[in-house]
Amino acid sequence: MRRICFAAGRPAEVVEEPPPLPGPGQLLLRVEAVGVGVALVRLLAAAGVRGEPVRPGGEVVGTVVGLGVDVSGFEVGDRVGGVVFADAFADQVVADPRLLSRVPTEVDAASALALVRGGLIALSTLRAGHFAPGESVLVTAAASGTGHLAVQLAQALGAGRVVAAVGAADKSDFVRRCGADEVVTYAEPSWGEPVDVLLDGVGGELVRRGVAALASFGRLVAFSAGGGGVDVDALLDGARSVVGFTIGQLHRARPEVVERHRAELWDLLAAG
């Protein structure tokens, strides 16, 4: 099979090697599509500095071609999508079935790849923020893989107003095409009228700014790895709240919620 080899200090190259074998509780997938995002770019940049080879994982869509022992719920021939921890950039890859879900056969690979992780996070953060139809929503990193889907989902689920926050004005047209009613940049001193729900995929100083952008009883859902501090007095003023969210924790603690969100995503996609 072919695998893209990312060797530190050298251009990526395609190498031939034997396919992996699924271990106990694992699936073997024939890869149809694999995602590329900013996390991969940062990983490769850091590896280049340290001089280390990397075998990155990521989002994949593919077909089950092999089963390890003690696997249930999947069969050879199933079309699936999800996240793998290593060697995603190959013709075949070993995967944990707990991080996969079935992909409808009629869904194209690009749409499936976007939804199996980015879409799942976007919808799950809206639900974590207890979003209700008619409420206003602000999304930071709105042009990102997760952010642009959060903008669309907020509109599809009946938001009264959707604000997209981006790092540069040249992203404005894109997020407006995704359904943003308003676009602001991080450099602007004000993000407009306060919002009911804020989805923050950036972290850092934007967490404090996000809390300040909330209306009374507003909720900020922090789902980035960027950290950031919160002023408790700012929460008390207006009875605002901050919710921390990671999709991995939801997978582990409430897998039935993940499955429900996945089904909702496929239904929304089918409905256009």
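Worth pointing out:
- For the chain, built as a Gaussian network whose Cα springs stay under 10 Å, the top-fluctuating residue of Ser111, Ser101, Ser172: Ser111
- Figure note: His261, His130, His251 ranked by solvent-accessible area, largest first, 1.4 Å probe, ligands and nucleic acids not counted: His130, His251, His261.
- Largest first and in whole Å, the equivalent-ellipsoid semi-axes of the chain read 35, 22, 17, each the square root of five times a Cα gyration tensor eigenvalue.
- Phi-based couplings in Hz for region 238-243 (Karplus 6.51, -1.76, 1.60; Gly and Pro marked x): x, 6, 7, 9, 10, 10
- Annotation: Leu214 carries an accessible surface of approximately 0 Å², with a 1.4 Å probe and no ligand, DNA or RNA atoms counted.
- Within the chain, percent of DSSP bridges classed antiparallel, to nearest 5: 55 percent
- Annotation: amide H-H contacts under 5 Å for Glu32 (H modelled 1.01 Å from N, sequence separation of 5 or more, or interchain): Val61, Gly62, Thr63.
The values are calculated or read from the model by the stated rules, or taken from the named source; none is laboratory data. If you're wondering where the values come from, they're calculated on a predicted model, not measured in any experiment. In case anyone asks, the SASA skips ligands and DNA or RNA and just uses the protein heavy atoms, side chains included. Shrake-Rupley method; radii C 1.70, N 1.55, O 1.52, S 1.80 Å.
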